[in-house]
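Taking it in order: structure first as structure tokens, then the write-up.
Each value in this text was obtained by applying a stated rule to the coordinates, not by laboratory testing. None of these values were measured; they are calculated from a predicted model. Positions of Cβ are generated from backbone atoms using ideal geometry, with glycine treated the same way; all protein chains shown enter the neighbour counts.
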Amino acid sequence: MSTILITGASGGLAQEMVKLLPNDQLILLGRNKEKLSKLYGNHPNVELIEIDITDDSALENLVADLYLRYGKIDVLINNAGYGIFEDFDRISVQDIHQMFEVNTFALMNLSRRLAARMKERGKGHIINIVSMAGLIATAKSSLYSATKFAAIGFSNSLRLELMSYGVYVTTVNPGPIRTSFFNQADPDGTYLKSVDRFLLEPDEVARKIVKTIGKNKRELNLPVLLNLAHKFYTLFPKLTDKLAGGIFNYK
Ligand SMILES: NC(=O)c1ccc[n+]([C@@H]2O[C@H](COP(=O)([O-])OP(=O)(O)OC[C@H]3O[C@@H](n4cnc5c(N)ncnc54)[C@H](OP(=O)(O)O)[C@@H]3O)[C@@H](O)[C@H]2O)c1
């Protein structure tokens, strides 16, 4: 039985991952315990924790307490995150700070605290749910993309530092997934409507993520078409900018 910690546990993707992990000890973190209890109250091996993941001292205490009680954490899935798809000049300084706190700094802080323990043990897996927006920047996602590019940069370096200690770091970079993410990212539904035919289903993404657990997989980029677009973007950035700003501008 593996001990798996998941942040943003009440989210759409997390719910599907939990369904696929019935035999593991799950530690599920969220902002609202009542919400977590409603979702997971019947799960056999689950601990539900209400916490503000942007409070690093709370994370420090949590990790110390979990290691006292469980002795190990095999897998960390940094899943909490949100987006705002908005013109750059409509984003406030508060938005910038808050989104970096959740999408980037909390992911970094929890990763470095658990990575230190995993490194000591010579075993562990950190799975960072990032985004295709961390590989390809598009209009109206300047802030979201910045938080996710930073998360990928951090993860790529962490992977190298942990390589010789038996600890794996995987980044998961999905395109749009059908979850409540869009309630906040795209309240009027314009973007969602234009990408509807490309939307990934959360159960399908969760299945692919869960399959990587315990495997030394560098990155999981979904779907195939966007992974190809990402390769194209790397090779031909100017041309991709033209396409992304023109016919492929869905926001
Ligand atoms: N849906 C997509 O199109 C898509 C595409 C690529 C990547 N992603 C990434 O996938 C991850 C999971 O997203 P999802 O699609 O499952 O969306 P979701 O249903 O909105 O779930 C995201 C979860 O993150 C946590 N969260 C959101 N805002 C937060 C805040 N301000 N402070 C702390 N926690 C917060 C919440 O968990 P609690 O309420 O339990 O705290 C929320 O339920 C995110 O990192 C997202 O960026 C999503």
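I'd like the full set of residues that are within 16 Å of the ligand (Cβ to nearest atom) and not aliphatic (A, V, I, L, M), limited to segment 66-92. Hits for segment 66-92 are ASN78, ASN79, GLY81, TYR82, GLY83, PHE85, GLU86, SER92. Within the span defined as segment 136-151, one or more residues are closer than 30 Å to GLY189 by Cβ, of a type in the set (S, T, N, Q) and not in a helix (DSSP H, G or I). Is it the case, given these coordinates, that ILE53 is surrounded by fewer than 19 Cβ atoms within 10 Å (Cβ to Cβ) and of a type in the set (A, V, I, L, M)? It is false that ILE53 is surrounded by fewer than 19 Cβ atoms within 10 Å (Cβ to Cβ) and of a type in the set (A, V, I, L, M).
Out of all the residues in segment 152-166, is one or more aromatic (Phe, Trp, Tyr) and near the ligand (Cβ under 10 Å from one of its atoms)? No, every residue in segment 152-166 fails to be aromatic (Phe, Trp, Tyr) and near the ligand (Cβ under 10 Å from one of its atoms). Restricting attention to segment 17-43, the residues that are more than 10 Å from the ligand (Cβ to nearest atom) and under 19 Å from the mean Cα position of the chain (by Cα) add up to 6. Among the residues of segment 1-15, the one identified as assigned to a loop (DSSP other than H, G, I, E, B), more than 6 Å from the ligand (Cβ to nearest atom) and not hydroxyl-bearing (Ser, Thr, Tyr) is MET1. Given the condition under 19 Å from GLY11 (Cβ atoms) and out of contact with any Asp or Glu (no Cβ under 7 Å at 6 or more places or on another chain), answer yes or no: does some residue in segment 156-166 qualify? No, the conditions are met nowhere in segment 156-166. The set of residues in segment 68-95 being loosely packed, with under 12 Cβ neighbours inside 10 Å, closer than 21 Å to ILE27 by Cα and not hydrophobic (A, V, I, L, M, F, W, C) consists of ARG69, GLY71.
The requirement of being under 21 Å from ALA14 (Cα atoms) and surrounded by 22 or more Cβ atoms within 10 Å (Cβ to Cβ) is fulfilled nowhere in segment 57-67; no residue meets it.
Look at GLU47 and say whether it is acidic (Asp, Glu), more than 21 Å from the chain's Cα centre (by Cα) and more than 10 Å from the ligand (Cβ to nearest atom). When the stated conditions are applied, GLU47 does not pass them.
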